[in-house]
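Written below as C-alpha cells is the structure these notes are about.
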Amino acid sequence: MCKSHNGGCWHNYPERGWIQFLIMRVLYEKPTHGYQLLEEIKKRSCGCHKLESGSIYTLLRRMEERGLLESKWEKVGGGPDRRIYTLTAKGVEALKVGLTSIVRRKMLFEDLAKFYHEKFEKIEGGGEK
C-alpha cells in the first residue's frame, strides 16, 4: 500500500488539516489513546509523518475544545491511566464533509493528471508535440 516518491517521503510536514482528518478516521474506527494515534499516523503514512507526542496531544486538546472529540480516563492495570479519545457526532460530520471535499479534489487531480499524460508525456518522451 505504501509507495514512496524517489525512494523517500515526498514532503517533510503534513498539512494540519490532513492530520486532523487522519485522526478522525482512526477514531471513527476505534476510540484510542494518543500514543496509539501516533503509531497509526506513522503506519498509515508509511513512516513519512512522525509527529512528536507533544504535537499530537496539543492537536487532540484543540480538537476536543472544538467539540470534534471527547476523552475519558481509562484505568490500566499495572501502568499509568491513559486518556481514550472518541469521535463525537460533530466530529463524524466534520470528517464526512472533509472527505467529501477530498474526493472532489481527487477527481479534479485525476482529470488534470489525465490531461498531462495525454498532452505532455509524449513531448517529454521524445514523441509528438
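The values are calculated or read from the model by the stated rules, or taken from the named source; none is laboratory data. Remember, predicted model here, so these are calculated numbers, not experimental data. With ideal geometry, Cβ positions are generated from the backbone for all residues, glycine too; neighbour counts draw on all protein chains shown.
Just one residue in the set LEU99, LEU27, LEU59, LEU38 is surrounded by 13 or more Cβ atoms within 10 Å (Cβ to Cβ), in contact with a strand residue (DSSP E or B) (Cβ under 9 Å, 6 or more places away or on another chain), in a helix (DSSP H, G or I) and touching a residue at least 12 places away in the same chain (Cβ under 8 Å); that residue is LEU27.
Applying a threshold of 8 Å to beta carbon distances and a minimum spacing of six or more residues, or different chains, the list of pairs starting in the range 69-94 at a residue that is under 16 Å from LEU59 (Cα atoms) and ending at one that is of a type in the set (Phe, Trp, Tyr) and exposed (fewer than 14 other Cβ atoms within 10 Å of the Cβ) reads ARG83/TRP73; ILE84/TRP73. Checked against the criteria, GLY79 does not count as assigned to a loop (DSSP other than H, G, I, E, B) and modelled with pLDDT of 90 or more.
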